[in-house]
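As structure tokens, the structure follows; a few thoughts come after it.
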Amino acid sequence: MLDFVIGLGIYLIFGGQAPSFTVFRQELHLLPIFLLVVFLPFNGPVGEELGWRGYILPRLQQRSGPLIASLVIGAIWGIWHLPSFFNAESVQSSLGLSFLIPYVVGTIANSVIMTWLYNKSKASALVAGIIWHAATDFWGPIFLADFSIAAGSGGAVSVNQTLYAIVLALLAIVAVMLTILTKGQLGYRKTMNPGN
């Protein structure tokens, strides 16, 4: 959430307008429904992270190192969402296909951060993957769009591209800083074993 708050602060300093925060102003009673959707097993955070951080990351970083593993998983994860750019009701579609490259850069940056979290949390796919991913899926629509739970998926979500680009730039800066500060190791220790 901190990335969204800082991104919004930068956006507002340069004359941007604050999001409507419809969920918090009018729909707090619907929040449990939204949280349930975010955590559904077949949805992004749980479904994807069992694979990305729960299975692939430990094996790939043991074989190729944490930085290469993060870059590969992040790139594949970004391209994994390519069909969403053609789904009129998705956030990615609102961004437009011209935003595919920045989107993939964002998934790569997130992947680097999540690898560091995974390694620092003693190989917890829950902490590094599911919780981080769910937080992004929760706060993203609230900060980046005029999102309404009540409206559901009845139409396209209009995403603030400028604010989203600022958030992606912040994620990229954090990922680069983590890479430099850890000398590319991202908290990885050779003694870590891949999941059973």
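Nothing in this text is a laboratory measurement; each read-out follows from the coordinates by a stated rule. Since we're looking at a predicted model, the values are computed, not measured. Neighbour counts run over all protein chains shown; Cβ positions are idealised from the backbone, glycine included.
Of the conditions (1) within 21 Å of LEU171 (Cα to Cα); (2) exposed (fewer than 13 other Cβ atoms within 10 Å of the Cβ); (3) in contact with a helix residue (DSSP H, G or I) (Cβ under 8 Å, 6 or more places away or on another chain), ILE10 satisfies every one except a single condition; which number is it?
Checking ILE10 against (1) within 21 Å of LEU171 (Cα to Cα); (2) exposed (fewer than 13 other Cβ atoms within 10 Å of the Cβ); (3) in contact with a helix residue (DSSP H, G or I) (Cβ under 8 Å, 6 or more places away or on another chain), the one that fails is (2).
Considering only residues that are more than 17 Å from SER121 (Cα to Cα), buried (at least 20 other Cβ atoms within 10 Å of the Cβ) and of a type outside the set (A, V, I, L, M), which ones fall in the stretch 26-79?
PRO45, GLY74, TRP77, GLY78 - these are the residues of the stretch 26-79 that are more than 17 Å from SER121 (Cα to Cα), buried (at least 20 other Cβ atoms within 10 Å of the Cβ) and of a type outside the set (A, V, I, L, M).
Across the stretch 71-83, what is the number of residues that are over 16 Å from HIS133 (Cβ atoms) and under 16 Å from the mean Cα position of the chain (by Cα)?
The total comes to 5.
Sort out which residues of the stretch 76-102 are closer than 25 Å to GLN185 by Cα and without any contact (Cβ under 8 Å) to a residue 40 or more places away in the chain, and write them in order of number.
ILE76, TRP77, GLY78, ILE79, listed by residue number.
What number of residues within the stretch 80-90 satisfy the criterion of being buried (at least 17 other Cβ atoms within 10 Å of the Cβ) and under 22 Å from ARG53 (Cβ atoms)?
1
What residue, among those in the stretch 1-26 that are within 16 Å of the chain's Cα centre (by Cα) and assigned to a helix (DSSP H, G or I), is farthest from GLY140 (Cα to Cα)?
Taking the stretch 1-26 and keeping what is within 16 Å of the chain's Cα centre (by Cα), we get 1-7.
Those left that are additionally assigned to a helix (DSSP H, G or I): 2-7.
Working: LEU2: 11, ASP3: 10, PHE4: 7, VAL5: 11, ILE6: 13, GLY7: 11 Å.
Here the residue is ILE6.
Residue-by-condition table, conditions (1) more than 15 Å from the chain's Cα centre (by Cα); (2) within 26 Å of ILE166 (Cβ to Cβ):
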| site | (1), (2) |
| --- | --- |
| LEU60 | yes, no |
| ILE68 | yes, no |
| PHE85 | yes, yes |
| ILE108 | no, yes |
